[in-house]
1. I'd like to check which strands (runs of 3 or more DSSP E) are fully inside the stretch 118-190 and have at least 1 residues that are surrounded by fewer than 16 Cβ atoms within 10 Å (Cβ to Cβ) and without any contact (Cβ under 8 Å) to a residue 40 or more places away in the chain.
2. Which residues, counting only those in the stretch 25-46, are in a strand (DSSP E or B) and free of Cβ contacts under 8 Å to residues at least 40 places away in the same chain?
3. Please verify whether residue 49 is in contact (Cβ under 8 Å) with a residue 40 or more places away in the chain, more than 28 Å from residue 159 (Cα to Cα) and either in contact with an Asp or Glu (Cβ under 7 Å, 6 or more places away or on another chain) or not assigned by TED's automatic domain parsing to the domain that holds residue 161 (or both), treating the condition exactly as stated.
Amino acid sequence: MNVIRSWDFDYLVVVLFSKEGNILKAVEIDSKTAERLSTRNEHQNGKVLTTNQELLSNPKSKDITSDLQNIIDNKNVRIISDINVTKIDSIKEISIQQNIKAVRTNTIISSTPEIELFPDNLEIFKKELLRVKRAKRIWYYNNGTIKTEIWNASNLTEKSDIKANIKTNSTFRKWEQLGIVKVRIEIIER
């Protein structure tokens, strides 16, 4: 991690990602404990915190991996925010102190479109997609229309995350404004 020169914050969140961008581990730790675990770096005039087991498995570290993954997946998560506005000079200049926590609830605030795979087993789907390198994407819209396109999956590898690839598609990312409620992806045999 980068050098930390100011410890004027309450909590530090460390998120470790895989090469594909998936969350491997995420922890939240109070700043005082994090500072105690850091090492002084005179050259950079600050302290460096290493992502080692001492930090990741510290009794004062809270594992928030699943909470963050649920936020990404929009599963049963609600953001609770306590915002104190201290100064407003214009709409662009708002100085705020913000305390935000992700809390699991039974209420889904927003939900991404349903992803339906055929075959429906993710491992089998991935194996077949890697073999044939093509799939049919069928978009279902809230106004009842359906659009079909071909997915050229020739760049996928064994290490690719299928769901992440689906969710980062430019059409999928605009699901709210386009009114998409579901996408069905079917393997196309050669």
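1. Details: elements: 134-141, 146-152, 180-187.
Fully inside the stretch 118-190 and qualifying: 146-152.
2. 27, 28, 29, 30, 39, 40, 41
3. Working: in contact (Cβ under 8 Å) with a residue 40 or more places away in the chain: yes; more than 28 Å from residue 159 (Cα to Cα): yes; either in contact with an Asp or Glu (Cβ under 7 Å, 6 or more places away or on another chain) or not assigned by TED's automatic domain parsing to the domain that holds residue 161 (or both): yes.
Here the answer is yes, as residue 49 does meet what is asked.
The values are calculated or read from the model by the stated rules, or taken from the named source; none is laboratory data. Note that the coordinates shown come from a computational prediction; the quantities given were computed from them, not determined experimentally. We place every Cβ from the backbone using ideal geometry, glycine too, and count neighbours over all the protein chains shown.
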